[in-house]
Amino acid sequence: MISMLENVEVRMKRMIEELDDPYVNGLFENLPRGKRLRAKLILRIAGENERAAELAAIVEMIHAASLLHDDVIDDAPLRRGVVSVNASEGSKQAVMLGDVLYARGFEALTSFEEDIAKKVSHAVTLLSIGEMMDVRMSKSFNADIERYFRMIYQKTAALIEATASAAAMLAKKDEKIYGLYGKNLGIAFQIIDDILDITQSSEQLGKPAMHDFEEGKTTLPYIYLYESLDDEARERLVSMHGKKLADEQKEWIRGMMEVTAAVQKAYLYAKELGEEAIALMEGENEEGLAQIVEAMIEREF
Ligand code: FPP
Ligand code: MG
């Protein structure tokens, strides 16, 4: 018997195969699969049943669409170690493939109750606004921590929050508690993503390492670093923002992160959010959902 997570894969595959377009189908088949965090959440919260698998396939389809668009926006050559669609087919095809996946997901979402469909669609609006904010914020060095949190909530956590609360609605569980769990998990997830960009190698990440700052993204460890530096070092850091970094500049940044414990501070913050999420789930007797948080915090890529 195939696992429920495989069932989700089969559903996604079918959603695209039904379009009967070999080019679209070929591109879709070659997309790297990823961690399927959102699908796992839905199956854990709503149980291993057909409706949960369908909702999981929809959310993963929307997530895949958002990554296709994100790679165009970030001009990313790789996604999870595989050549990105924008790199192999050009940005026009990558945007349109994203639109196909996105529209297909929404078509399937219409078979769900209105409150579930609204929850998921609204999250995609927030996601898009968050991504726009990320682009704007990349234009100059951002030391405003509240602005960073607002952006990552919208860009990443809003869909995970909606995923968890929509799954709770499906299972007639408390959507507020599960939504808050998803929000905390989502914010922690993005902070860990931002940390791994600094601490891991390109091989481990499947994409160029230390690239966020080159792209103009002042992520949480950089904000903490900035807060701990004297004026002269601050100036030096800001002067490197948004440009290709030489190896010795990368070493300087990594060294300063070490001295000031900026990465560690960001990690502790993510861990705290994770612990809040775990505590919420302990109250609901959801051992599996606590494990998802732990694995996410401890991940290496
Ligand atoms: C990854 O961020 C990007 C996201 C989590 C969301 C992107 C959202 C959109 C492009 C909105 C449009 C969505 C649809 C469905 C039309 P990142 O660049 O920090 O992470 P990465 O390192 O994985 O690229
Ligand atoms: Mg990106």
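The values are calculated or read from the model by the stated rules, or taken from the named source; none is laboratory data. None of the values given here were measured: they were computed from a predicted structure. Note that we place each Cβ from the backbone using ideal geometry, even for glycine, and neighbour counts take in every protein chain shown. Side chains included, ligands, DNA and RNA excluded: accessible areas come from the protein's heavy atoms. Shrake-Rupley method; radii C 1.70, N 1.55, O 1.52, S 1.80 Å.
Identify the residue in the range 67-81 that is charged (D, E, K, R) and free of Cβ contacts under 8 Å to residues at least 60 places away in the same chain and, among all such residues, is nearest to ligand 1 (Cβ to nearest atom). The qualifying residue nearest to ligand 1 (Cβ to nearest atom) is Asp71.
Filter the range 200-235 down to residues that are away from ligand 1 (no atom under 16 Å from the Cβ) and in contact (Cβ under 8 Å) with a residue 12 or more places away in the chain and give me whichever is surrounded by the fewest Cβ atoms within 10 Å (Cβ to Cβ).
So in the range 200-235, the residues away from ligand 1 (no atom under 16 Å from the Cβ) come out as 224-235.
Filter once more, keeping what is in contact (Cβ under 8 Å) with a residue 12 or more places away in the chain: 224-229, 233.
Working: Tyr224: 20, Leu225: 25, Tyr226: 20, Glu227: 13, Ser228: 15, Leu229: 18, Ala233: 16.
Filtering the range 200-235 for residues that are away from ligand 1 (no atom under 16 Å from the Cβ) and in contact (Cβ under 8 Å) with a residue 12 or more places away in the chain, the one surrounded by the fewest Cβ atoms within 10 Å (Cβ to Cβ) comes out as Glu227.
So if I check each of Glu113, Glu107, which one is surrounded by fewer than 21 Cβ atoms within 10 Å (Cβ to Cβ), of a type outside the set (Ser, Thr, Tyr) and without any contact (Cβ under 8 Å) to a residue 40 or more places away in the chain? Don't jump to the end; show me each part of the working.
Working: Glu113 fails: without any contact (Cβ under 8 Å) to a residue 40 or more places away in the chain.
Exactly one residue qualifies, and that residue is Glu107.
Please indicate, with yes or no, whether at least one residue in the range 293-301 is of a type outside the set (A, V, I, L, M, F, W, C), open to solvent by 60 Å² or more (accessible area, probe 1.4 Å) and modelled with pLDDT under 95. Yes, the range 293-301 has at least one match. Against the definition (within 16 Å of ligand 2 (Cβ to nearest atom), among the aromatic types (Phe, Trp, Tyr) and within 30 Å of Leu43 (Cβ to Cβ)), how does Phe189 come out, yes or no? For Phe189, the condition - within 16 Å of ligand 2 (Cβ to nearest atom), among the aromatic types (Phe, Trp, Tyr) and within 30 Å of Leu43 (Cβ to Cβ) - is met. Restricting Ala123, Ala143, Ala188 to those that are under 30 Å from Phe213 (Cα atoms), outside any helix (DSSP H, G or I) and either aliphatic (A, V, I, L, M) or in contact with a Cys (Cβ under 8 Å, 6 or more places away or on another chain) (or both) reduces the list to Ala143. Looking only at the range 122-176, residues that are out of contact with any Leu (no Cβ under 8 Å at 6 or more places or on another chain), among the small types (Gly, Ala, Ser) and either more than 10 Å from ligand 1 (Cβ to nearest atom) or farther than 18 Å from Ile62 by Cα (or both) come to 7 in all. Is it the case that some residue within the range 84-101 is away from ligand 1 (no atom under 15 Å from the Cβ), small (Gly, Ala, Ser) and out of contact with any Ser or Thr (no Cβ under 9 Å at 6 or more places or on another chain)? Looking through the range 84-101, at least one residue is away from ligand 1 (no atom under 15 Å from the Cβ), small (Gly, Ala, Ser) and out of contact with any Ser or Thr (no Cβ under 9 Å at 6 or more places or on another chain).
Within the range 36-66, the set of residues being of a type in the set (D, E, K, R), in contact (Cβ under 8 Å) with a residue 60 or more places away in the chain and open to solvent by 30 Å² or more (accessible area, probe 1.4 Å) comprises Lys40, Arg44, Arg51.
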